[in-house]
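The values are calculated or read from the model by the stated rules, or taken from the named source; none is laboratory data. Keep in mind the model is a prediction, meaning the values are calculated, not measured. For neighbour counting, all protein chains shown are included, and Cβ atoms are generated from backbone atoms with ideal geometry for every residue, glycine included. SASA here: full protein model, heavy atoms, side chains in, ligands and nucleic acids out. Shrake-Rupley method; radii C 1.70, N 1.55, O 1.52, S 1.80 Å.
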Amino acid sequence: MGTARGFGVDIGGSGIKGSVVDIDAGVLAEERMRIPTPQPSTPAAVADAVAEIVEKFAWTGPVGVTLPCVVKRGTAHTAANVDKSWIGTDAQALFAERLGKPREEVVVLNDADAAGLAEMRSGAGAGHRGLVVLLTFGTGIGSAMFVDGKLIPNTEFGHIEVAGHDAETQAAASVKDNLELSYPEWAQRVGTYLEGLEKFLWPDLIIAGGGVSRKAHKWLPLLECRTPIVAAELKNDAGIVGAATAAAGGIEH
């Protein structure tokens, strides 16, 4: 009996990456391909880049694609770090047409939701019930929320107001880099953000994702919050894995 495989593409503000995924194991089955995000990152230009990646692997099955957007029934309603012309775009139809596939063979979902789906299935959230929140610290702060393993899609917890500011403008990983903050200095900002989040949510677990999760030992122990918090396990592959698994029908989304 062969290993179940899928294909995922993760679209970011600076890069677009994709690969074949081992659905059962929840890991990449081949070395991923990454190409720079076109500038401007219009729907047509990004669709061409997605097609380039899919064609490179000669993949013919269903494809999952993430977008840094609120996505409802295949249509993008916001645009974070991609061209604003994505707003109102039927992304599912766009990718299906460009890839030469029926609409039902293409799944489009929010990038943090895809990462969360992967972490809940085969990463740091596997086996956890109750309320679990994944936060991706990058250029902004993405979020995914699960209740007893069920995704509540399109949360935007990176935009809650903390001390009069949009939270991600204060505590995203990009803020650490731009202001040249030490890990203790940045962790204090993250802690203030989490305190704000905990004023109206009582999670049973918080999963910290994004590229900065690779250095989790330098900042997670510095946080003071009531919720247990752990580092994401799939790191930057989570979006690809989650998108591929969703498209293959392996997880509800």
Query raised in the report: Do the alpha carbons of any pairs in K72/K235; K17/K84; K176/K215; K215/K235 sit beyond 19 Å of each other, and which pairs?
Result: K72/K235; K17/K84
Report summary line: Once Lys and Arg are counted +1 and Asp and Glu -1 for all other residues with Cβ under 11 Å from that of G140, the total becomes -4
Query raised in the report: So which aspartates and glutamates can K199 reach, going by Cα to Cα under 20 Å and dropping same-chain residues fewer than 8 places off?
Result: E156, E161, D166, E168, E224
Requested in this report: Please figure out what share of the DSSP beta bridges in the chain is antiparallel and state it in percent, rounded to the nearest 5.
Outcome: 60
Query raised in the report: Got a number for the accessible area of R121? Probe 1.4 Å, square angstrom, nearest 10.
Result: 90
Report summary line: Taking K235, K72 and ranking on accessible area (1.4 Å, protein atoms only), highest first, one gets K72, K235
Report summary line: the stretch 124-253: relative contact order from alpha carbon pairs under 8 Å, six or more residues apart, as a whole percent, is 26
Query - Accessible area in square angstrom per residue, the chain, 1.4 angstrom probe - result: 44
Query raised in the report: Of W219, W202, which has the most accessible area with a 1.4 Å probe, and how do the rest follow in descending order?
Result: W202, W219
Query - Calculated Rg/Rh (Cα atoms, Kirkwood Rh) (choose from [x] 0.96; [y] 1.04; [z] 0.94), label - result: [x]
Requested in this report: Please report the relative contact order for the stretch 10-148, taking Cα pairs under 8 Å with a sequence separation of at least 6, and give it as a percent rounded to a whole number.
Outcome: 19
Query raised in the report: If amide H atoms are built 1.01 Å from N in the plane of the peptide, which residues on other chains or at least 5 residues away come under 5 Å of the amide H of V65?
Result: V9, V107, V108, L109
Query - Rounded accessible area of T155 (nearest 10 Å², 1.4 Å probe) - result: 20
Query - Rounded percent of accessible protein surface that carbon and sulfur make up, the chain, 1.4 Å probe - result: 50
Report summary line: quick note, the stretch 1-145, DSSP beta bridge pairs, % antiparallel (nearest 5) is 70
Report task. Would you mind calculating the relative contact order of the stretch 60-136 from Cα pairs under 8 angstrom and at least 6 residues apart, reporting the percent as a whole number? Result -> 30
Query raised in the report: GluC sites (Glu not before Pro), restricted to the stretch 10-112: which are DSSP loop and have at most 15 other Cβ atoms within 10 Å?
Result: E30, E31
Query - Calculated [θ] (222 nm, deg cm²/dmol) that DSSP helices of n ≥ 4 give over the chain, each run adding -39,500 (n - 2.57) - result: -8000 deg cm²/dmol
**Report entry** Reach of K101 by Cα under 20 Å, taken over aspartates and glutamates that are not fewer than 8 positions away in the same chain
**Finding:** D10, D48, E52, E55, D90
Report summary line: The helix 43-56 Cα axis meets the longest alpha-carbon principal axis of the chain at an angle in degrees, between 0 and 90 and rounded to 10, of 70
